[in-house]
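What follows is a short report on a single structure.
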Amino acid sequence: MFIAIEGVDGSGKSTLCAILAEKLGATPYSTPPKKYLAFREQVDKNAPPEEHYRFYRDGIYDASNEINAILASNGKVVSDRYWLSTYTYHQIMGVQVSIDDFHSIVMPTMTVILSLSNDVQIGRILHRGMTAGDRRVLDKQQEIAMAFYQNVLKNDIPFLMIDTQRFTPEACAEIIIKAISS
């Protein structure tokens, strides 16, 4: 089982990933992979959109290999972001993206998209402190939120959407557990 938690910045992905992984006895995973983190801030600050996309796309390929290895040994992974975030964010940044760019990666069993109002989202981002990545797309967050929804529909991706304003992270985890048990 491989669950990818997707959604806009500040929607609660990291918190939910940790809680859900613990409840499921799964390995929590976060993209980009650890070996990319040393370069991430510099790429977020300075890379042109196409180079930014290549960095994150390549990170997804490495993440896919690592997730595949975890699935082979443990059988369960919950990922904080995965390919759909890379695709969606860069699409809104004006990069020519294609779903075919991700044809050879391991695909999630379930994709969960977290949503919330733009005002609450911006408040959460400001409260936790803005990263270079946040600054890069802060004015595009509503567009990104809509694109997540459009992309799962357009590409026929099975998904569950949860409004994180209405439910606590624990309740969100229970909703997901109930959905995968059905």
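Computed values, structure above
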| read-out | value |
| --- | --- |
| Positive dipole terminus of segment 1-144, leading residue within Pro48, Tyr36, Gln141 (C-beta point charges) | Tyr36 |
| Size of segment 24-81 as Cα extents on the principal axes (Å, biggest first) | 38, 16, 15 |
| Sequence ranges 3-10, 112-119, ranked by mean other-Cβ count within 10 angstrom, highest first | 3-10, 112-119 |
| Heavy-atom accessible area per residue - the chain, 1.4 Å, Å² | 50 Å² |
| Spin-label model distance (nm) - Lys76 vs Glu41, 7 Å beyond Cα toward Cβ | 3.5 nm |
| Heavy-atom SASA rank of His52, His103 (probe 1.4 Å, accessible area, largest first) | His103, His52 |
| Over the chain: helical MRE at 222 nm, DSSP H runs n ≥ 4 each giving -39500 (n - 2.57), nearest 500 | -17500 deg cm²/dmol |
| Cβ-defined net charge surrounding Thr164, 10 Å radius [Lys, Arg +1; Asp, Glu -1] | +2 |
| Within-12-Å neighbourhood charge of Tyr29 [Cβ basis; K, R +1; D, E -1] | +1 |
| Positive-end residue, segment 1-158 charge dipole about Cα centroid, Cβ charges, pick of Ser115, Asn155, Gln91 | Ser115 |
| Unit charges on C-beta of K, R, D, E only; dipole of segment 50-118, Debye | 240 debye |
| Pairwise centroid distance, computed over Cα atoms, of segment 84-106 with segment 142-171, Å | 16 Å |
| The chain pair-distance distribution - Cα-Cα, 10 Å bins, rounded % | 10, 39, 40, 12, 0 |
| Cα-based Lys pair tally, segment 1-132, threshold under 19 Å, eight or more apart or on separate chains | 6 |
| Selection from Tyr82, Ser11, Gly129 lying farthest towards where the dipole of the chain points positive, charges on Cβ | Gly129 |
| Charge tally in the Cβ shell below 15 Å around Met93, where Lys, Arg are +1 and Asp, Glu are -1, Met93 excluded | -2 |
| About the Cα centre, charge dipole magnitude for the chain (Lys/Arg +1, Asp/Glu -1 at Cβ), debye | 260 debye |
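The values are calculated or read from the model by the stated rules, or taken from the named source; none is laboratory data. Since this is a predicted model, take the numbers as computed values, not measurements. Cβ coordinates were reconstructed from backbone atoms using ideal geometry, including for glycine residues, and neighbour counts include every protein chain displayed. Quick note on the areas: whole protein, heavy atoms, side chains included, nothing else; ligands and nucleic acids left out. Shrake-Rupley method; radii C 1.70, N 1.55, O 1.52, S 1.80 Å.
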